[in-house]
Each structure stands twice: as C-alpha cells, then as structure tokens.
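Bear in mind these aren't lab numbers, they're just calculated from the coordinates by the rules spelled out. Just so it is clear, the model here is predicted, and its values are computed rather than measured. When we count neighbours, we look across all protein chains shown, and the Cβ atoms used for this are built from the backbone with ideal geometry, even at glycine.
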Amino acid sequence: MFYKNRVKKIVVIGGNAAGMSAASKARRTNPDIEIIVFEKGEYVSYSACGLTYLISGIVKNVADLIIRTPEQFAKQGILVQTNHRVTGIDRLKKLVLGIDEKGRHFQESYDKLIIATGGRAAKPPIEGIDHKYIFRLRRIDDALAIQESLRTIRPKRAVVVGGGFIGLEMVEALDKLGLKVVLIEQTPQLLPNFDADMSKLVQEYLVVSEGINVMTESKVVGFSANTSGELSEVRTANGDCISADLAILALGVRPNTRLAKMAGIEVGSTGAIAVTESMRTSAIDVYAAGDCAEVKHLMTNRYIYLPAGTTANKQGRVAGENAAGGYAAFKGIMATAVNKVMDMVYARTGLTEKEAKSFGYAVKTAKVDAPAHALYYKNPPQISIKLIYDDRSGRLLGGQMVGLEGIAKRIDVLATALQARMTIEDISRLDLSYAPPFAPVWDAILVAANVARRE
C-alpha cells in the first residue's frame, strides 16, 4: 500500500543512527518528497559505538567515526541542519519549533514527522557530580572532552562508575592509556543483564588477569575536590574513599522523550516513546525510532527499553519507509549483544535464567566449558556457554557466552535459533562449520546442546 503522492515533506528530529537511517530510507522510497533533518549538535551519522576506541587511540580521528556528512546527504536531496535545537512540536499546526546556532527562532512545517531524539547518559543526584573532570559518554563532544582532559591534566588515577558495556569499555580504554583504574558497580555483579555465574567469569578475568580493582555492591555517594579544585576522591556508601584524578559515569541510558511528552505523545511504561511495529506513535503522522523509543522483545512479546545502534538503524529504516508512503514493520529483537574488555569477550541473546523464571517458564540450564577450536591447534582457549531452555517444550530461551575467542560467531547461531523457535534437540542437530583453526569436530554449541539433552 503506497500513498507517496500524499506526502510532500518529512521532518526528522535527530541526526544520528535512527534519524539518518530514516531520512535515507525515506529518500529511497520516495525520490520526490522534501526531507529536512534537525540535529542539535555539530555531527550527524556517526558511530557512537566507537567513541571509547577514539578515546583509547585505536581510532585515530573523529572523521573515522563519521559515516556521512551533511554535504553528502545534501547530494542525496536531504537537507541536514546541524546546531538546530528543536524545542517544541505543534501537532495541530504540524510544525516543529526550535532555535538555530545563532539563537534565532525557527519553525518548519511537516506532513510526516519522525522523532529520533535518542537517549541521554544517566546522571543521578550525587554530590559533586558536576565537577569538570567527571564525564559521561554519549556523544562525540563527550569523547573529545575526555580526550582534552587526558591531555591537559595528565591523570594517573581514574574511577569508572558502572559495570555495564560502556563502563567495561572505558576500563579498557583508560588502562590502555596507562591510568590506574578502579571500577565501581552498585549491584552485586558486573554486567547486570547477564546471569551472575557468567558475569563472574568476566570479573575474575579483570581482577586476576588484568589487575583491575573491581568493587561491587558499592554505591557512589559523592565526589570530592582538593584545595586547588581538582577532583581528588570518589566516596562510597560503604565508607570507601578512592583517589581519582578523573571519573567516568557509565550508569546507563535514558530515553530523550521531553519533546514527545510536551506534545502529548504517549510514553510507555518503560519511559520511552510507545510505538507500533510500523514505528507510529500515538500521534497522527508522527513516528519515533531509536534510543528514544520502546522495542518489542520477541521472547516475551512485551515492550522494553534497550538502546542499541543496530536496533536504532532498523527502526529508523522502517519509520522512514512508512513516513514516505511505503509499508514496513519492525517485529522486535532478541536482545542479542556482544562486547569485550581487554581480551575477554562476552555475549548474550534471548532471556537470562532470572528473566525466564520471572515469565513463568519451567527453566533448566546447561553450562559447559569447551575448546574454541581443535585441541591440537595452538592450545585453544575455553569457551563458557550457558543455555537456558524450557523443560516442558525443550525450546531454547536464551544463551550466554564468555571466552577469549570464537564468541561473536557462536552467539549469532543462538540468536538465529531463538528467532526460529528451535529446541535443544534441533540445536544439537545443527550442521555447523568445522576446521581445526576455528572449531573442534564437536562445536561448543553442540556440546552444550547435548549436555542439555541429557539433563
């Protein structure tokens, strides 16, 4: 079903993953419409997932993270207005209102509007949190500010607050730069979206193999400065005082929904903008995509908030096609993720054991350690695999992996199995690739599935 001739102009608020994917897909869907993107910052269409590697020096220049520039989008017929902050949406008049880089007010009409305002780094009310050498990492400007502080004050000690993906990436980056790093996590474990028995493997690696001071069950309650105004200490509720010249807050992401709320657009129970599979919001002719929007978890059929670059690009693509007069649907996610800290790789997909139990499944698990490749080929490291499955049906519910190599490929096998609603029996029969440098004859996934079959 197409109604391209009824759409003359699309306005997009937000110029990164979801916003620019939406604009690009809208242009491919309908070459005749006018498309305008408003971005409050200086940069658009960049890889935020590469910011920690820019800080560490693995990525040498900001330009290496930029996928396309406003000038390149202009050649595609997409007008990108950087340093233009949208301050309001008038749904009745179909206008967006804002302020440009010179402080002048502007307004722009639309036929279809796509909200791609992304997320913001969480900032809890902690004493001293606004100190100039306490940083959050979300945008290019944040990474550049951290780089500048590393050059100017030459810190020797750093504290990273938060043991999730970004926190662990920042531990690696700062350690690589020669700083003594302390990692503080409020909950009993690192990687709260993993099961404790799997996250424990990552923590043990950091402490034993890399010499990182990891403090779990430690809540930060304040930051102190010395008489010169420089950051000096991080204080915890347990009474610990950790010396620090610089601190990174990696406490998660919250959806940017201020504009949507002001416009009376429905926000879901997660705090993010409620959307349908077509990325439509509760407002007529208004779509939302990316880290400001909810996403359906395919294992539970419930909407959750799980910001991710892959999801943002997919949601943006669907929003852009539909806004331009086409039809597409984004069915949801399996919460698949992979990352690393130093040499240790960790990944997950589907439900954790705890999550599966909370949804009423008759949960069973199988956990194995198996070689990443053939035993006679270069002393293979072990892969730890945990399968979560339903005891009644045998259906796979989730999986987690930790190891030094071979993780990313294998977690995608489990993600595909989840999408196909495969059982443990089905997985045990998979014809997986084999060659000594890459896998044993019995791949670690097959070993885990066969252990589960015998449980």
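Descriptive notes on the structure:
- Amide H partners (placed H, <5 Å) of Arg136, local residues excluded: Leu249
- Remark: region 384-391, residue by residue, has Karplus-estimated 3J(HN,Hα) of 9, 10, 10, 9, 10, 8, 8, 5 Hz, where x stands for each Gly or Pro and the curve is 6.51 cos²θ - 1.76 cosθ + 1.60 at θ = phi - 60°.
- Couplings 3J(HN,Hα) for region 45-62, derived from phi with the Karplus relation 6.51 cos²θ - 1.76 cosθ + 1.60 (θ = phi - 60°), are 6, 10, 8, 5, 5, x, 5, 5, 7, 5, 4, 6, x, 5, 8, 7, 9, 4 Hz, where x marks Gly and Pro.
- Distance from the Cα centroid of region 203-259 to that of region 95-122 is 34 Å (rounded to whole angstrom).
- Given Lys8/Lys331; Lys296/Lys386; Lys132/Lys296; Lys219/Lys314; Lys296/Lys367, the pairs whose alpha carbons are separated by over 30 Å: Lys132/Lys296; Lys219/Lys314
- Taking label points 7 Å from Cα along the Cα-to-Cβ direction, Gln72 and Leu97 give a separation of 3.6 nm.
- Spin-label pair Ser393/Glu277, simplified geometry with 7 Å Cα→Cβ offset, distance in nm: 1.7
- Candidate lysines for bridging to Lys75, where Cα separation is under 16 Å - those fewer than 8 sequence places away on the same chain excluded: Lys25
- Other-chain or far-sequence residues with amide H under 5 Å of Gly398's (modelled H): Leu351, Ile388
- Cα-projected label distance for His105 with Arg85, points at 7 Å along beta-carbon direction, nm: 1.6
- Diffusion coefficient, µm² s⁻¹, Stokes-Einstein with Kirkwood Rh over alpha-carbon pairs of the chain at 20 °C and 1.002 mPa s: 90
- Subtracting the Cα-Cα distance of Asp64 and Ala408 from 0.36 nm times their residue separation leaves 121.5 nm of extension gain.
- Phi to ³J(HN,Hα) by Karplus 6.51 cos²θ - 1.76 cosθ + 1.60 over region 194-209, Hz, x for Gly, Pro: 10, 6, 4, 5, 8, 5, 4, 5, 5, 4, 4, 4, 4, 6, 7, 8
- Computed [θ] at 222 nm, helices only, for the chain once each DSSP H run of length n ≥ 4 contributes -39500 (n - 2.57): -7000 deg cm²/dmol
- Across region 134-251, the mean sequence separation of Cα contacts (distance under 8 Å, 6 or more residues apart), normalised by length, yields a relative contact order of 33 percent.
- Residues in region 188-202 reached by a label modelled at Glu217 [backbone nitrogen below 12 Å; 7 Å Cα→Cβ]: 188-189
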